[in-house]
Structures are given as structure tokens and as C-alpha cells.
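Engineer: Provided herewith is a single structure, encoded as C-alpha cells, for subsequent inquiry.
Every number here is computed from the coordinates shown, using simple stated rules; none is lab data. Note that the coordinates shown come from a computational prediction; the quantities given were computed from them, not determined experimentally. Note that we place each Cβ from the backbone using ideal geometry, even for glycine, and neighbour counts take in every protein chain shown.
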Amino acid sequence: MSAVGVRNGVSVVGTLALIRYRVPVPTVSVEAYFYRNHVLYYAARVPQDYITAYNNTTRTSHAYKETAPQVIALPDPPTDGITSLRYLLGAPKSLLASTSWDGSVRVHDTAEHRRVFSHAMESGPLLSLTTIDSNDRRHSLVTGGMDGSIRSVDLETSTVEIIGSHTESETPSCSCLFSLANSSSPSLIASAGWDKQFHIWDIRKKGQPAVTVALPGKAYSMDLDPKHNRVALATSGRRTCFIDIRSGTEAELVLDRESTLKYQMRCIRFFPEGDGIAVGSVEGRVAVEYLEELVPKSNTKLSKYAFKCHRSGDVVYPVNCIEFHPRFGTFATAGCDGCVALWDGQNKKKLTTLPKMPTSISALAFNRDGQELAIASSYTFEDGEREHPHDEIYIRKMLDSECMPKTAT
């Protein structure tokens with residue numbers, strides 16, 4: 001039970017405060033009347049469940065504002081630049097895998113704040129990471145190396161197997177990996193590299209890719225749309241490519257178009273429904289583009305747009321990563337300014353900005369329910385060789401109020 005001030009409604013901002021929102025007023029027990037500036041007020045007792053409903057409606061109540069969660073650093077982080085973060089989907093939701101330039105893959109238990117696995121993959125710096133989530137290999141990770149090799153490691157036995165390799169250039173580095181595992185093809189993974197090649201691999205058949213598609217440029221980022229069985233890639237030359245992978249033995253480049261961004265892309269992610277993409281560039285800008293060529297026009301009612309972010313005065317920072325919230329469809333961006341911002345892409349609104357990290361952010365990952373965000377604070381050498389903070393992996397619990405779309409109540 002609490003006392004509140006009311007004028008044309010209720011405002012839970014203090015003991016006797018002014019109204020800010022029009023909301024239904026419950027039956028209350030009036031304690032006292034008073035006048036101020038010719039306006040009638042009353043003090044009343046309001047049920048606690050009403051106050052809770054009010055807080056959920058406004059999401060901005062100062063008196064009952066949720067305390068921001070702390071940012072916690074995981075122990076024993078990578079010793080060189082962190083390149084990938086990924087939660088293991090076929091395991092407890094607190095298991096987080098990471099790769100780095102030190103050549104090792106690690107797994108941390110974020111609930112217990114301890115490292116539970118570490119293994120050197122012997123393929124030089126590791127640039128990419130994915131998990132094998134099928135029941136029979138749910139404890140396996142797959143990494144892509146600077147040398148172009150693709151290797152799996154069993155987390156229980158530490159056994160390493162070579163699946164294949166990118167070999168079509170002097171710099172064949174495997175920069176992108178994604179598991180294509182589903183009920184009909186649990187053993188497929190996709191890779192793309194600086195050799196301008198996209199491959200699909202069957203991990204049961206080592207050595208040769210099942211499918212190969214030539215790309216217009218080096219692959220910088222890749223994402224999967226499981227609803228439409230499509231892969232999106234951001235490549236050099238400002239090209240965005242879309243590959244149909246409906247069959248594990250066939251793949252087709254169905255769309256290759258120039259990005260609306262004027263500078264090199266760093267990251268690309270599908271919207272949850274697969275009808276659009278969010279792309280980040282080195283120019284501190286994010287573009288939201290819809291796929292009119294691939295999705296019926298009736299489903300693409302919104303227009304493409306771009307917005308500036310990760311800037312400080314005249315200083316522009318690259319946008320290194322974009323990750324969508326698994327429940328709300330909003331997305332987080334992070335860049336070389338050390339900041340993470342959350343956005344409502346459908347309504348073109350900024351939701352919140354998290355406390356600044358010590359240095360550049362190279363990777364992000366939400367856990368499966370979106371209640372936890374992993375942040376890789378790792379200098380990406382955007383200013384060349386210089387002294388910089390140690391590489392760290394931070395864990396931040398996320399409030400629903402920080403991630404919900406602006407229109408959600």
C-alpha cells in the first residue's frame with residue numbers, strides 16, 4: 001500500500017506527485033484532500049498490484065525504477081584479440097564459447113563465473129566459431145582459422161578433427177562459420193572466407209565441401225535465416241549476398257546487390273522474420289534494408305533507412321557487431337567506442353546505452369532467452385599498434401525494460 005498524488009489520473013513518482021500519464025484509477029481509499037494553485041489533489045491508498053501494473057505500463061517510474069545489473073568480468077579470458085562469442089544451445093544456457101587470436105577456443109560457465117574448457121586448435125589465430133547443436137554432437141565446437149582450416153573439437157574428450165579448408169588464395173582465412181543443423185541435416189555447417197568462397201560441409205565426410213559458391217569479394221560477416229533457408233553475407237566491395245540453401249547438396253546465389261552504406265561493412269544480421277537485414281559499417285552507421293526481391297511485397301511494408309551511431313563529437317567509430325534479442329526482435333550494436341546500444345529497428349528508436357567498456361567491443365552474444373549479454377572488450381587495432389587495456393569478456397544481465405520495443409507494454 002502506498003500514498004500517491006493524483007490529478008486526472010495517478011503518478012507513482014513520489015508521495016504526493018503531479019500526474020504524468022493517463023491510466024485507469026482503481027478504487028482507492030481517500031485519506032485527505034488539499035488544494036494547490038486552484039487544483040484539487042487527494043492522497044489515497046493504492047493497492048500494490050496496481051502500482052506494479054503502473055510500473056509495467058510506463059516503464060519510467062522514478063520511485064520504482066529497476067536497479068541496473070552489474071557488469072561482471074569472466075576469469076581467465078583470452079590473451080589476444082577476441083574474435084567470436086557464442087552460447088552453446090544444446091547445453092545449459094550459461095555455457096559461453098569464445099575464440100581469439102591466441103589460437104585457443106574457450107568455454108566459460110557464466111553462472112558460476114569460471115572457465116570450464118580451453119584448447120589450442122593449432123590453426124593460427126581463430127577468426128570464427130559455431131556450435132554443433134544436434135543431440136549426438138551437442139558438445140562440439142567448430143572453429144575457422146587464419147590458415148583457412150575448419151576444425152571441430154569435442155568438449156568432453158578434447159579430440160580435434162579437421163573438417164576441411166579454404167585454399168583458393170594466398171590468404172584463405174575462414175572468417176565466417178554457421179551451423180546449418182536441423183532435423184533433416186544435423187551434420188551440415190557453412191563457411192565463408194577471404195578466398196571469396198562459400199562452402200557447405202558435411203562433418204561426417206571430411207576433406208571436400210558438399211557445395212561451393214563463388215562470392216564477389218572477401219567474406220566479412222555471415223548470418224543464417226532458418227525460416228527461409230537463406231544465408232546472408234557481407235563481402236568486400238560493399239556487396240551483400242544471399243544464398244538459398246534449401247538442399248544440403250545444392251546452393252544458389254539468389255541475390256547479389258550493393259549495400260546502401262558507402263563504406264566497408266563489418267557485420268550483417270537477419271531480422272527475426274527474415275524479411276530484412278541490419279548491416280553495420282566502419283563509418284559508424286547502421287543500415288536497415290528490406291528484401292523486396294526475396295520476400296513478397298505485401299510483407300515488406302517498411303522502407304529501408306540508415307542511422308548514425310557509435311560516434312563522439314566529430315570522431316566516428318566502426319560498428320563491429322549486431323545481435324538481435326531472441327525474444328523481442330530488437331537489436332544491440334557495439335563498436336570501437338566501447339559502447340553497446342540497444343535499438344528498436346521497427347520503430348526507429350534507441351532503447352538504451354550500456355556503460356562504456358574499457359576498449360573496443362569486438363563481439364556480442366545473447367543467451368537463448370535474451371536475459372544475458374556477453375560482451376568482448378578487445379582492442380581491434382582501429383588506431384594501429386598502441387597500448388590498450390587487456391582483453392576481457394564481460395557478462396551483463398539484461399532487463400526486459402531495456403530490450404522491449406517502444407510500443408510494447
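Engineer: By a straight-distance test (C-alpha under 14 Å), which aspartates and glutamates pair with LYS227 as possible cross-link partners, with residues fewer than eight away in the same chain excluded?
Structural biologist: By straight Cα distance, LYS227 reaches ASP244, GLU273, ASP275.
Engineer: List, in order, the whole-Hz ³J(HN,Hα) value for each residue of the range 71-87 obtained from phi through the Karplus relation with A = 6.51, B = -1.76, C = 1.60 and θ = phi - 60°; use x for Gly and Pro.
Structural biologist: 9, 10, 8, 7, x, 6, x, x, 9, 9, x, 7, 10, 8, 10, 7, 6
Engineer: Reachable lysines from LYS308, Cα under 17 Å, same-chain residues fewer than 8 places away excluded?
Structural biologist: Excluding near neighbours in sequence, the set is LYS262, LYS348, LYS349, LYS350.
Engineer: When the Cα centres of the range 338-352 and the range 372-409 are compared, how far apart do they sit, in Å?
Structural biologist: 13 Å
Engineer: So what are the ³J(HN,Hα) numbers for the range 115-127, from phi and the Karplus equation (6.51, -1.76, 1.60; θ = phi - 60°), rounded to whole Hz, Gly and Pro as x?
Structural biologist: Using θ = phi - 60°, the values come out as 7, 10, 7, 7, 8, 7, 8, 6, 10, x, x, 9, 9 Hz.
Engineer: Moving on to the next point. For a quick check: sort HIS139, HIS310 by the number of other beta carbons within 10 angstrom, fewest at the front. Provide the component values of the computation, followed by the final result.
Structural biologist: Working: HIS139 19, HIS310 25.
Ranked by crowding around the Cβ, least crowded first: HIS139, HIS310.
Engineer: So for PHE381, PHE117, fewest C-beta neighbours within 10 Å to most, what's the order? Walk me through the numbers before you get to the answer.
Structural biologist: Numbers: PHE381 12, PHE117 18.
Arranged by neighbour count, lowest to highest, PHE381, PHE117 become PHE381, PHE117.
Engineer: Using a Cα-Cα cut-off of under 21 Å, which lysines could be cross-linked to LYS93, ignoring same-chain neighbours fewer than 8 residues away?
Structural biologist: Counting by Cα, and skipping residues close in sequence, LYS93 has these lysines nearby: LYS397.
Engineer: Kindly provide the GluC sites (Glu not before Pro) of the range 306-409 that DSSP labels as loop, not H, G, I, E or B, and whose Cβ sees at most 15 other Cβ atoms within 10 Å. Mind showing how you got there, number by number?
Structural biologist: Working: sites: GLU323, GLU372, GLU382, GLU385, GLU387, GLU392, GLU402; in loops: GLU382, GLU385, GLU387.
Listed in order of number, the matching sites are GLU382, GLU385, GLU387.
Engineer: Going by Cα centres, the range 213-279 and the range 71-150 are how many Å apart?
Structural biologist: Cα centres, the range 213-279 to the range 71-150: 24 Å.
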